[in-house]
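Here the structure is laid out as C-alpha cells; the discussion comes afterwards.
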Amino acid sequence: MASQSVRILNTTSLLRAARQLKEVGGPRLAQNMTRRVRRAAEPLQNDMRQTILGLQIQSQGRKAGKRGGPSPTRRPLRATIAGAVRTSVRTGSNPGARVWVDKDRLPHDLRNMASALNTGRVRHPVFGNRRRWAQQNTTPLWWDSTVAKHVPRMQSEVARILDDIRDQLT
C-alpha cells in the first residue's frame, strides 16, 4: 500500500455496474453513484486531515552551545499537507474511490513530506545548510493506520451502493 495513495475497490462489481449504468441507467444514475461513493470516502478524507493536523513531530532538540532561531518559512507544515488531501471517484475503466495527497497542491520542497512523515522519521538540512542535518520523529505509519480504520466501513458502504444500483437497474 502506497503511503500517499489509497484505493478502495471492488473492481469486478464496479466495472459491471459502470457498464450497466452507461447502457441502461443514464447520466443521472451514474452521477448518483459517483456522489454516493464520494460521500462514502469523505469521512476518510476528513479523518486523514485531522490526523495530519494533530500529528506530533518531535525534534532531538538543540545541543548545548548551538544557535537556533525562527523558521525561515512561516508556512504551517501540517495544515499545508492537510489542505492537499484529496478524494476522487472514477466510474470508467478503473472505477473506485481514491484518497491521496495531491503533490501539485504542495510547495516544491514539501512534495515528499507526507510519505516521509509516514515513515516516522524526517531528516532535513538545518535552515537549508546541507552540512548540518537534523532529524525529527513522528508516529510511524499514521497514514496506513488511519486508512485501515476506514477500510471495512468503506467496503460495506460501496457494496451497499452497488446493491442499490443493481436494484434500480433491474
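The values are calculated or read from the model by the stated rules, or taken from the named source; none is laboratory data. Quick caveat, the model's predicted, so the values are computed rather than measured. As a convention, Cβ positions derive from the backbone with ideal geometry for all residues, glycine included, and neighbour counts pool all protein chains shown. Side chains are part of the model used for accessible areas, which takes the heavy atoms of the whole protein and leaves out ligands, DNA and RNA. Shrake-Rupley method; radii C 1.70, N 1.55, O 1.52, S 1.80 Å.
If you go through the stretch 120-170 and keep only what is open to solvent by 60 Å² or more (accessible area, probe 1.4 Å), under 19 Å from the mean Cα position of the chain (by Cα) and farther than 16 Å from residue 77 by Cα, you end up with 140, 141, 145, 148, 149, 152, 153, 155. Evaluated against (1) at pLDDT 90 or above; (2) touching a Ser or Thr at 6+ places or on another chain (Cβ under 9 Å); (3) farther than 29 Å from residue 27 by Cβ, residue 134 falls short on exactly one condition, (1). When the test is whether a residue is at pLDDT 90 or above and of a type in the set (Val, Ile, Thr), residue 91 does not pass it.
Matching residues to (1) aliphatic (A, V, I, L, M); (2) at pLDDT below 90:
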{"residue": "34", "(1), (2)": "no, yes"}
{"residue": "42", "(1), (2)": "no, no"}
{"residue": "48", "(1), (2)": "yes, no"}
{"residue": "53", "(1), (2)": "yes, no"}
{"residue": "62", "(1), (2)": "no, yes"}
{"residue": "71", "(1), (2)": "no, yes"}
{"residue": "74", "(1), (2)": "no, yes"}
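Residues in the stretch 83-102 that are open to solvent by 50 Å² or more (accessible area, probe 1.4 Å), in contact (Cβ under 8 Å) with a residue 60 or more places away in the chain and under 16 Å from residue 41 (Cα atoms): 1 in all. Between residues in the stretch 55-82 that are open to solvent by 60 Å² or more (accessible area, probe 1.4 Å) and residues that are at pLDDT below 75, which pairs lie under 6 Å by C-beta distance while being six or more apart or on different chains? If the second residue must be at pLDDT below 75, the pairs left are 62/68. Close contacts from the stretch 103-121, counting a first residue that is within 19 Å of residue 138 (Cα to Cα) and touching a residue at least 12 places away in the same chain (Cβ under 8 Å) and a second that is open to solvent by 90 Å² or more (accessible area, probe 1.4 Å) and part of a helix (DSSP H, G or I), with Cβ to Cβ under 7 Å and a gap of 6+ residues or different chains, come to none at all. State yes or no: is residue 11 of a type in the set (S, T, N, Q) and either surrounded by 14 or more Cβ atoms within 10 Å (Cβ to Cβ) or modelled with pLDDT of 85 or more (or both)? No: the conditions fail for residue 11.
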